[in-house]
Amino acid sequence: MTTQLRAGDRVVVLGGSGFIGSHVIPALVELGAHVVSYDLYPPEHPLPDGVEDVRGDIRDREALEAALAGADAVLNLAAAHHDFGLTPATFLSVNVEGARTVTAAMAAAGVDNLCFYSSVAVYGDAGPRPDETTTPHPVNDYGRTKLAAEGVYRAWQAAGPGRRLLVIRPAVVFGPRNYANVYRMIHQVARRRFFPVGPGANRKSMIYVANIVAAILHLWTRPPLREDEVYNCVDQPDLTSAQILTEVYRGLGRRRPRWHVPLRPAMIAAAPFDLLARATGRNLPITSDRIRKLSADETSFASDRIRETGYEQPVTLQEGLAEMVRWYLREGRLRTPVEHLPPEQLAV
């Protein structure tokens, strides 16, 4: 059996209702694949014609085996990933126990082709500009459980001849229909409620959503190019946080302020918001953690390995940010982001 993704393959996308799924599923359909979207939640955006929409939990083996019947490949986007409001037990249950259930269901269904959507969060504080040979050192529950899930999938691959495991480790992904940190920054700038903090010299690895989709298809539609198929996916070159802000202001038709608030006073000023967030359980747009991530943390990752395969990113970071701002002005600012209940609170 070939593990090179081809037109006519039946592909089950776990977590297909989310942001990445809303972009990758149309690309798979365009490739000629028959797609099944499997998710706890209904899709936030209409699925392309012909896509099967199945509601289910990746920890439900019986439901998974039913969805995987006749499948040729699985793309696992499903994860507990929010940086706020989830317990360590939820991360472990969804990301690790879910991986064990997925592999058991794949083995039972005879599916030998898996693309796992991991994260550069596995590197944690492993050092400056880590590449795929860097020993991971995750520092949060998300990174730790993503790394553990990779181990589960490697064990599955080793247990059966001919099995393919493609591991994608993206940096922060942004683009239309995403309401995470880049959206919040654009929203605050547009409403003139954003105050630049620090000089903004810290580099921030990111990837535009069209580029992560292109990277997945570039790798998955080819035979394995190496025994250990682990790829960082990062747009190059990196931009500094000041350069990112410049592009956002430019897209909004304004000039980025020359002044900035020093980091330490900004962190002190954010302390009451930290207390309020903890007391209310609300995911506030201003916290010391968000300020530090944007204005101080250096998050830069190497992505030479994927480029050595001939991959070329279709969209520059500047073009991606401009398109994100255009989407925000066109419709994103008028929408209310969907807040999902944690998986353990959801009755399927």
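Would you be able to say whether some residue in the range 285-308 is part of a helix (DSSP H, G or I), out of contact with any Gly (no Cβ under 9 Å at 6 or more places or on another chain), modelled with pLDDT under 95 and of a type in the set (A, V, I, L, M, F, W, C)? Before you say what the answer is, go through the steps one by one.
Applying the first criterion (part of a helix (DSSP H, G or I)) to the range 285-308 yields 288-295, 304-307.
After this cut, where a residue has to be out of contact with any Gly (no Cβ under 9 Å at 6 or more places or on another chain) as well, the list is 288-290, 292-293, 304-307.
Right, trim to modelled with pLDDT under 95 and you get 288-290, 292-293.
If we keep only those that are of a type in the set (A, V, I, L, M, F, W, C) as well, we get none.
The answer is no, given that none of the residues of the range 285-308 is part of a helix (DSSP H, G or I), out of contact with any Gly (no Cβ under 9 Å at 6 or more places or on another chain), modelled with pLDDT under 95 and of a type in the set (A, V, I, L, M, F, W, C).
Is it the case that residue 8 is farther than 17 Å from residue 146 by Cα, assigned to a loop (DSSP other than H, G, I, E, B) and touching a strand residue (DSSP E or B) at 6+ places or on another chain (Cβ under 6 Å)? Full working, then the answer.
On the way: farther than 17 Å from residue 146 by Cα: yes; assigned to a loop (DSSP other than H, G, I, E, B): yes; touching a strand residue (DSSP E or B) at 6+ places or on another chain (Cβ under 6 Å): no.
For residue 8, the condition - farther than 17 Å from residue 146 by Cα, assigned to a loop (DSSP other than H, G, I, E, B) and touching a strand residue (DSSP E or B) at 6+ places or on another chain (Cβ under 6 Å) - is not met.
Being in a loop (DSSP other than H, G, I, E, B) and among the aliphatic types (A, V, I, L, M) is the filter here; which residues of the range 54-63 pass it? Let's see the steps before the verdict.
Just the residues of the range 54-63 that are in a loop (DSSP other than H, G, I, E, B), to begin with: 56-60.
Passing the criteria: only 58.
Anything in the range 217-243 that is of a type in the set (A, V, I, L, M), surrounded by fewer than 24 Cβ atoms within 10 Å (Cβ to Cβ) and under 30 Å from residue 29 (Cβ atoms)? List them, or say none. Before the answer, list the steps.
Applying the first criterion (of a type in the set (A, V, I, L, M)) to the range 217-243 yields 217, 219, 225, 230, 234, 239, 242.
Pick out the ones that are also surrounded by fewer than 24 Cβ atoms within 10 Å (Cβ to Cβ) and you get 217, 219, 225, 230, 239, 242.
Of everything in the range 217-243, those that are of a type in the set (A, V, I, L, M), surrounded by fewer than 24 Cβ atoms within 10 Å (Cβ to Cβ) and under 30 Å from residue 29 (Cβ atoms) turn out to be 217, 219, 225, 230.
Looking only at the range 63-77, decide whether some residue is more than 17 Å from residue 222 (Cα to Cα) and modelled with pLDDT under 95. Let's see the steps before the verdict.
So in the range 63-77, the residues more than 17 Å from residue 222 (Cα to Cα) come out as 63-71, 76-77.
Those left that are additionally modelled with pLDDT under 95: none.
Looking through the range 63-77, none of the residues is more than 17 Å from residue 222 (Cα to Cα) and modelled with pLDDT under 95.
Taking residue 81, is it of a type outside the set (Lys, Arg), surrounded by 18 or more Cβ atoms within 10 Å (Cβ to Cβ) and either assigned to a loop (DSSP other than H, G, I, E, B) or modelled with pLDDT of 95 or more (or both)? Step through it out loud before you land on a result.
Working: of a type outside the set (Lys, Arg): yes; surrounded by 18 or more Cβ atoms within 10 Å (Cβ to Cβ): yes; either assigned to a loop (DSSP other than H, G, I, E, B) or modelled with pLDDT of 95 or more (or both): yes.
Spelling it out, residue 81 is indeed of a type outside the set (Lys, Arg), surrounded by 18 or more Cβ atoms within 10 Å (Cβ to Cβ) and either assigned to a loop (DSSP other than H, G, I, E, B) or modelled with pLDDT of 95 or more (or both).
Filtering the range 32-53 down to residues that are assigned to a loop (DSSP other than H, G, I, E, B) and of a type in the set (A, V, I, L, M, F, W, C), which residue is surrounded by the most Cβ atoms within 10 Å (Cβ to Cβ)? Walk me through it before giving the result.
Quick first cut of the range 32-53, residues assigned to a loop (DSSP other than H, G, I, E, B) only: 32-33, 40-51.
Then keep just the ones that are of a type in the set (A, V, I, L, M, F, W, C); that gives 33, 40, 47, 51.
Values: 33: 23, 40: 20, 47: 19, 51: 20.
Residue satisfying both the conditions and the ranking: 33.
Given the conditions (1) in contact with a helix residue (DSSP H, G or I) (Cβ under 9 Å, 6 or more places away or on another chain); (2) hydroxyl-bearing (Ser, Thr, Tyr); (3) farther than 30 Å from residue 86 by Cα, report the number of the one that residue 246 does not fulfil.
So residue 246 meets the others, but not (1).
What do you reckon, is residue 102 out of contact with any strand residue (DSSP E or B) (no Cβ under 7 Å at 6 or more places or on another chain), within 18 Å of residue 168 (Cα to Cα) and in a helix (DSSP H, G or I)?
Numbers: out of contact with any strand residue (DSSP E or B) (no Cβ under 7 Å at 6 or more places or on another chain): no; within 18 Å of residue 168 (Cα to Cα): yes; in a helix (DSSP H, G or I): yes.
Against the criterion (out of contact with any strand residue (DSSP E or B) (no Cβ under 7 Å at 6 or more places or on another chain), within 18 Å of residue 168 (Cα to Cα) and in a helix (DSSP H, G or I)), residue 102 does not qualify.
List the pairs whose first member sits in the range 15-43 and is more than 13 Å from residue 78 (Cα to Cα), whose second member is β-branched (Val, Ile, Thr) and part of a loop (DSSP other than H, G, I, E, B), and whose Cβ atoms are under 8 Å apart, counting only residues at least 6 apart or on separate chains?
25/51; 29/51; 31/221; 35/51; 36/51
The values are calculated or read from the model by the stated rules, or taken from the named source; none is laboratory data. Just so we're clear, the structure is a prediction, and the values are computed from it rather than from any experiment. Cβ coordinates were reconstructed from backbone atoms using ideal geometry, including for glycine residues, and neighbour counts include every protein chain displayed.
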